[in-house]
Amino acid sequence: MTTPHQRFGVDPDVELPVPDPSELWTVGAVILNDDGEAFAQKRSTRRRLFPDSWDIVGGHVEAGETLLEALAREVEEETGRRLRHVRRFLGTTTWTGDDSAGLRHEADFLVEVEGDLDRPSLEWSKHSAYGWFGPEDLDRLKENRLPGEFLIHDLIARAVRTGPRP
């Protein structure tokens, strides 16, 4: 399904949470390559939230944006690639960062992008590295995180195990 203002497709069975305008929401994109590995980028040591930790593509939903509009914007800003298709809703997580901004709700999706990410256009002021993570690489996603802070590891592990379809 695609709407006129949307340049990407969405599988018909993709669930979409309905955010309350009073809540702070973020979105995340798990991108798999043809080998079933997930793309992640390492946050720079200067980042206030989760410095020097691996992360998926994503960010805050801005005022007036839908979740999918924010998802498309974040994919393009953080990788230089356009969102092509939303394959699956991976779930919503509620978390509190270490930046005093309070409770956040994060909607994560498995997506496809246009082109490959062998040479992404990262926001190098925000990220220091990127990589592809398969089943044998998942423990690296726990770097600089304490037990109980394995959201990115767990999300990518689930996506890598199940692939594009649940």
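The values are calculated or read from the model by the stated rules, or taken from the named source; none is laboratory data. Keep in mind it's a predicted model, so treat the numbers as computed, not measured. Reconstructed Cβ throughout: ideal geometry from the backbone, glycine too, with neighbour counts over all protein chains shown. With ligands, DNA and RNA removed, areas are computed over all heavy atoms of the protein, side chains included. Shrake-Rupley method; radii C 1.70, N 1.55, O 1.52, S 1.80 Å.
Modelled this way, with points 7 Å down the Cα-to-C-beta line, the labels at F150 and T45 are 2.6 nm from one another.
For segment 43-166, give the magnitude of the charge dipole about the Cα centre (Cβ charges: +1 Lys/Arg, -1 Asp/Glu; no others), in debye to the nearest 20.
On the way: 19 positive and 24 negative charges, 40 e Å.
Approximately 200 debye in magnitude.
The string of couplings for segment 21-27 from the Karplus curve (6.51, -1.76, 1.60, θ = phi - 60°) is x, 7, 9, 8, 10, 10, 10 Hz, one whole number per residue in order, with x for Gly and Pro. Considering only L67, I31, T45, the residue lying farthest towards the positive end of the dipole of segment 10-73 is T45, judged by Cα position with unit charges set on Cβ.
Among L146, L67, L16, the largest mean-square fluctuation in a Gaussian network model of the chain, built with springs joining Cα atoms closer than 10 Å, belongs to L146.
In the chain, helices alone account for a calculated mean residue ellipticity at 222 nm of -4500 deg cm²/dmol, with every DSSP H run of four or more residues adding -39,500 (n - 2.57). Based on the Kirkwood radius over alpha-carbon pairs, what is the Stokes-Einstein translational diffusion coefficient of segment 14-157 at 10 °C with 1.306 mPa s viscosity, in µm²/s? Diffusion coefficient, whole number: 103 µm²/s.
Counting only Cβ charges, +1 for Lys and Arg and -1 for Asp and Glu, the dipole size of segment 1-59 around its Cα centre is about 560 debye. Surface analysis of segment 113-160 yields an accessible area of 57 Å² per residue, using protein heavy atoms and a 1.4 Å probe.
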